[in-house]
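Beneath this line is the structure, given in structure tokens, with notes to follow.
The values are calculated or read from the model by the stated rules, or taken from the named source; none is laboratory data. This is a predicted model, so every value here is computed, not measured. With ideal geometry, Cβ positions are generated from the backbone for all residues, glycine too; neighbour counts draw on all protein chains shown. The protein model used for the area step is the full one, side chains on, heavy atoms only, and it has no ligands, DNA or RNA in it. Shrake-Rupley method; radii C 1.70, N 1.55, O 1.52, S 1.80 Å.
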Amino acid sequence: MASPETVTAAELMDRTRDGVLLFGLTPPRQTTTPEQADAVAAAALTRLRSVPVDGLILYDVDAEADRTEAPRPFPFMPMMDPAHFLDGHLADWAGPVIVYRAVGKYTGDQLDRWWSQADRDRVLTVLVGAASRHQVVRTSLPEAYRRHAGFSLPPRMGGVVIAERHAASGTEHARMLRKQDAGCEFFVSQVCYDLDHTRNMLSDYTHGCRDQGLDPKPVVLTLAPCGSVKTLEFMTWLGIEVPRWLQAEITRGDPLAASYEQCLLNARALIAYCRRLGLPFGINVESLTNRKLEIDTSIDLVREIRDLLG
């Protein structure tokens, strides 16, 4: 299956002026056989057949053991390299793909090799640094930025943005500007549940750019329904702040119904706010688990957001 209307990576970036719609996928486990990986890819693309998305995001999962002293709610399972999953199993997807690179997992030579081989017309990348300053890494994020800058035509590069960091320090917009100066051409957020945290960050970033005579780069905002208390625990471990009233709805009522409604409300508000700011943007929907019900609910959310974007 090809994407409904195949566009290039450059065209995807251009379309962020009006808003683009992406779907995030986590590659299968490292122990998955090639045949099983083909089946995983086919199932994902079958689900997306009825909802025309503008591109995919493929995550690069790291253990992030140094993120917090709290135990990880789900045991860490090494996942397939997203670049390998794309090249080996997603041949039927012809549209643009944002491939995450947790740079601490790779040597500089490994990153260089991938940048030199990736199809720039189709592939973009988001570089992710260490979960904490104590994490032992093979390549630091600043070094990865320097290496990326040394190539004449590498995949266009983006960075991660986290509204919770902005709520705590008020400086995430400054971090975004530094990443922009290092070569980031777009940003992808952590899952957004607290609407005010997200709007505060977007406002400070957009106005900070304009105060310096810069055009703000596109920001892709991530939404994900929460289908269980265990998933809520995982979101909390990841640093995603869910308002207390919504935590109560999730723990005491129907988790998917409550979180789905809030994701849809957030999508509507964020689309309107980005358009009012004149900030190029996208909405990315992901499922935080591989449970069928949560995945199907994420697809339903994609369908409704497609209608909101027009």
Next on the checklist: Is it the case, given these coordinates, that GLY183 is outside any helix (DSSP H, G or I), out of contact with any Cys (no Cβ under 9 Å at 6 or more places or on another chain) and either small (Gly, Ala, Ser) or open to solvent by 60 Å² or more (accessible area, probe 1.4 Å) (or both)?
Outcome noted: yes
Checklist entry - Here are some conditions: (1) part of a helix (DSSP H, G or I); (2) modelled with pLDDT under 95. SER203 meets all but one. Which one does it not meet? => result (2)
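Do the conditions hold for VAL7, that is, is it at pLDDT below 95, open to solvent by less than 40 Å² (accessible area, probe 1.4 Å), part of a loop (DSSP other than H, G, I, E, B) and touching an Asp or Glu at 6+ places or on another chain (Cβ under 8 Å)?
Criteria met by VAL7.
A quick yes/no check of all residues on (1) under 19 Å from the mean Cα position of the chain (by Cα); (2) within 19 Å of SER298 (Cα to Cα):
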residue	(1), (2)
THR222	yes, yes
VAL229	no, yes
MET235	yes, yes
ARG244	no, no
GLU249	no, yes
PRO255	no, yes
GLN262	yes, yes
Next on the checklist: Conditions first: (1) surrounded by 18 or more Cβ atoms within 10 Å (Cβ to Cβ); (2) of a type in the set (Ser, Thr, Tyr); (3) more than 19 Å from the chain's Cα centre (by Cα). SER140 passes all but one, so which condition is the exception?
Outcome noted: (1)
Checklist entry - For region 21-42, what are the residues that are charged (D, E, K, R) and surrounded by 13 or more Cβ atoms within 10 Å (Cβ to Cβ)? => result ARG29, ASP38
Checklist entry - Of everything in region 264-310 that's touching a strand residue (DSSP E or B) at 6+ places or on another chain (Cβ under 7 Å) and of a type outside the set (A, V, I, L, M, F, W, C), which residue is surrounded by the most Cβ atoms within 10 Å (Cβ to Cβ)? => result GLY282
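Confirm whether VAL161 is within 24 Å of LEU58 (Cα to Cα), modelled with pLDDT of 95 or more and in contact with an Asp or Glu (Cβ under 8 Å, 6 or more places away or on another chain).
yes
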Next on the checklist: List pairs: first residue in region 131-149 and under 24 Å from ILE240 (Cα atoms), second residue open to solvent by 50 Å² or more (accessible area, probe 1.4 Å) anywhere in the structure, Cβ distance under 6 angstrom, at least six positions apart or on different chains.
Outcome noted: ALA131/ASP66; ALA131/ARG67; SER132/ASP66; HIS134/ASP66; GLN135/ASP66; VAL137/ALA130
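Out of the residues in region 200-258 meeting the condition of being more than 29 Å from THR289 (Cα to Cα) and hydrophobic (A, V, I, L, M, F, W, C), tell me which one is most open to solvent (accessible area, probe 1.4 Å).
Initial filter on region 200-258 (more than 29 Å from THR289 (Cα to Cα)): 203-217.
Next, from what is left, pick out any that are hydrophobic (A, V, I, L, M, F, W, C): 209, 214.
Values: CYS209: 0, LEU214: 68 Å².
So, considering only residues that are more than 29 Å from THR289 (Cα to Cα) and hydrophobic (A, V, I, L, M, F, W, C), the one most open to solvent (accessible area, probe 1.4 Å) is LEU214.
This table checks each residue for (1) modelled with pLDDT under 95; (2) closer than 20 Å to LEU48 by Cα.
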{"site": "ILE98", "(1), (2)": "no, yes"}
{"site": "LYS105", "(1), (2)": "yes, no"}
{"site": "GLN110", "(1), (2)": "no, no"}
{"site": "TRP114", "(1), (2)": "no, no"}
{"site": "ALA118", "(1), (2)": "no, no"}
{"site": "ASP121", "(1), (2)": "no, no"}
{"site": "LEU127", "(1), (2)": "no, no"}
{"site": "VAL136", "(1), (2)": "yes, no"}
